[in-house]
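Q: The structure follows.
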Amino acid sequence: MTSTPATSVEDASRIAGDECKMPLLSVRDLTVHFPIKRGFLVQREVARVKAVDGVSFDISPGETLGLVGESGSGKTTTAKAVIQLHRPDGGSVQFEGQELVGLSNSAMRAVRRKMGMVFQDPYGSLNPRMRAGDIVGEPLKVHGLATDKADYRKQVADLLIRVGLSPAMAERFPNEFSGGQRQRLGVARAIAAKPRLLIMDESVSALDVSIQAQILNLLQDLQEQYNLAYLFIAHDLSVVRHISHRVAVMYLGKVVEVADAKDLYERPLHPYTQALLSAIPTPNPIHERSRERIILRGDLPSPMYPPTGCSFCTRCPIATLQCSEGTPELRTLAPNQQAACFLAEG
């Protein structure tokens, strides 16, 4: 019997280590523009909505990246472009090392088996004419993951149990469930095909605070069991802080800051992030009265006509002439913390 050479064992260990370091999802310079056309007989393009404009981030296996920002900042469009529900105009989206931009619909179907999405509205995201068991089991049918009817029913029952519901609920229709239970159905459907990445698009924002906590705890339990990665989209920074390992802050289609969650909440570097965090109420009335609030002037500019230079310069309390003349790039200002600001310091 021949022994395995030491070099091959070392090579295998090195390769395995490299695979662990590789991001599960890698997004580079992602761009999604929507044309605005006018005309009766002949339509012509008069403007473009720059919904996502050069967004880049990575997500590692088992990691949660929180994506935050005001309504209209491009968070949902980014998520849909990642899963190719919106075809990007430019940039790169690599999942497990495979480039998704330009893939055919048939090729994307195989990839989407490894990517799930839970939508914001637990009422509108479920087919009201389908029973709960059929909703949860739909991915099993689409991807051919059940060997027979008995195996299908068993997998559906296991999925319902996994998200804290009873298998007896499989015969109910969505209108017979509460909002939190419907969102659990959405999670069960999303994990049915055993994905590696879940995109959570404002998936707890429509729920009561107590129900939010239950869903977040469920997501964390599933992450620990199956090493799931999450792209967690929300506008509530307190929710994002509870579940995220890292946080990316978006403003007007661009990522303006990326940092470990602890660093971002303790020491935000970008003025926009500082303003968002200053708006979070605190339970301590003394601290609430004494802390400084940053009030942003004006409204969020239209993504059709973004400001020249820094996209935040029209509302930034510390903006200078330099901010309106040049576009700042994300740069590393502290360990595990990047910000797109000329004036930010680590």
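Q: Can you list the helices (runs of 4 or more DSSP H) lying wholly within segment 228-346 that have 3 or more residues being within 26 Å of the chain's Cα centre (by Cα) and hydroxyl-bearing (Ser, Thr, Tyr)?
A: On the way: elements: 237-243, 261-266, 271-278, 285-290, 321-325.
The helices (runs of 4 or more DSSP H) meeting that bar are 271-278.
Q: Oh, and also: Are any of the residues in segment 158-179 crowded, with 19+ Cβ neighbours inside 10 Å, of a type in the set (Gly, Ala, Ser) and within 21 Å of residue 79 (Cα to Cα)?
A: no
Q: Ok, one more. So residue 146 passes all but one of these: (1) in contact (Cβ under 8 Å) with a residue 24 or more places away in the chain; (2) surrounded by 15 or more Cβ atoms within 10 Å (Cβ to Cβ). Which condition number does it fail?
A: Condition (1) is where residue 146 drops out.
Q: Something else now. What's the number of the only condition in (1) at pLDDT 95 or above; (2) touching a Phe, Trp or Tyr at 6+ places or on another chain (Cβ under 9 Å); (3) of a type in the set (S, T, N, Q) that residue 73 fails to meet?
A: Among (1) at pLDDT 95 or above; (2) touching a Phe, Trp or Tyr at 6+ places or on another chain (Cβ under 9 Å); (3) of a type in the set (S, T, N, Q), the lone unmet condition for residue 73 is (1).
Q: Let me ask something else about it. For segment 131-171, what are the residues that are out of contact with any helix residue (DSSP H, G or I) (no Cβ under 9 Å at 6 or more places or on another chain) and of a type in the set (Ser, Thr, Tyr)?
A: 147
Q: Looking at (1) within 30 Å of residue 274 (Cβ to Cβ); (2) of a type outside the set (S, T, N, Q); (3) modelled with pLDDT of 95 or more, which one does residue 234 not meet, given that it meets all the others?
A: (3)
Q: With the structure loaded, tell me whether residue 47 is modelled with pLDDT under 95, buried (at least 17 other Cβ atoms within 10 Å of the Cβ) and more than 17 Å from residue 115 (Cβ to Cβ) or whether it fails that test. Working first, answer last.
A: Working: modelled with pLDDT under 95: yes; buried (at least 17 other Cβ atoms within 10 Å of the Cβ): no; more than 17 Å from residue 115 (Cβ to Cβ): yes.
Criteria not met by residue 47.
Q: Quickly run through segment 327-346 and pick out the residues that are surrounded by fewer than 19 Cβ atoms within 10 Å (Cβ to Cβ) and small (Gly, Ala, Ser).
A: Correct list: 334, 346.
Q: Is at least one residue of segment 237-245 at pLDDT below 85 and of a type in the set (Gly, Ala, Ser)?
A: yes
Q: Tell me, which residue of segment 50-93 that is part of a strand (DSSP E or B) and polar (S, T, N, Q) is surrounded by the fewest Cβ atoms within 10 Å (Cβ to Cβ)?
A: First pass over segment 50-93, keeping only residues part of a strand (DSSP E or B): 50-59, 64-68, 90-93.
After this cut, where a residue has to be polar (S, T, N, Q) as well, the list is 56, 64, 92.
Numbers: 56: 17, 64: 23, 92: 15.
Applying the filter and picking the extreme gives 92.
Q: Against the condition on the phi < 0 side of the Ramachandran plot and at pLDDT below 90, how does residue 209 come out, does it pass? Break it down stepwise before answering.
A: Numbers: on the phi < 0 side of the Ramachandran plot: yes; at pLDDT below 90: yes.
Criteria met by residue 209.
Q: Condition test on residue 249, is it touching a His at 6+ places or on another chain (Cβ under 8 Å), within 20 Å of residue 200 (Cβ to Cβ) and at pLDDT 90 or above?
A: Working: touching a His at 6+ places or on another chain (Cβ under 8 Å): yes; within 20 Å of residue 200 (Cβ to Cβ): yes; at pLDDT 90 or above: yes.
Against the criterion (touching a His at 6+ places or on another chain (Cβ under 8 Å), within 20 Å of residue 200 (Cβ to Cβ) and at pLDDT 90 or above), residue 249 qualifies.
Q: Any residue at all in segment 189-212 that's assigned to a helix (DSSP H, G or I), more than 19 Å from the chain's Cα centre (by Cα) and surrounded by 16 or more Cβ atoms within 10 Å (Cβ to Cβ)? Break it down stepwise before answering.
A: Going residue by residue through segment 189-212, those that are assigned to a helix (DSSP H, G or I) are 189-191, 209-212.
Now narrow it down to the ones that are more than 19 Å from the chain's Cα centre (by Cα): 209-211.
Still in the list and also surrounded by 16 or more Cβ atoms within 10 Å (Cβ to Cβ): 211.
There is at least one residue in segment 189-212 that is assigned to a helix (DSSP H, G or I), more than 19 Å from the chain's Cα centre (by Cα) and surrounded by 16 or more Cβ atoms within 10 Å (Cβ to Cβ).
Q: If you don't mind, there's one more thing I want to ask. For segment 112-120, check the following and say yes or no: at least one residue is exposed (fewer than 14 other Cβ atoms within 10 Å of the Cβ) and not polar (S, T, N, Q). Working first, answer last.
A: Taking segment 112-120 as the starting set, the residues that turn out to be exposed (fewer than 14 other Cβ atoms within 10 Å of the Cβ) are none.
No, segment 112-120 has no match at all.
The values are calculated or read from the model by the stated rules, or taken from the named source; none is laboratory data. Quick caveat, the model's predicted, so the values are computed rather than measured. Here Cβ is always computed from backbone atoms with ideal geometry, including for glycine, and neighbour counts include all displayed protein chains.
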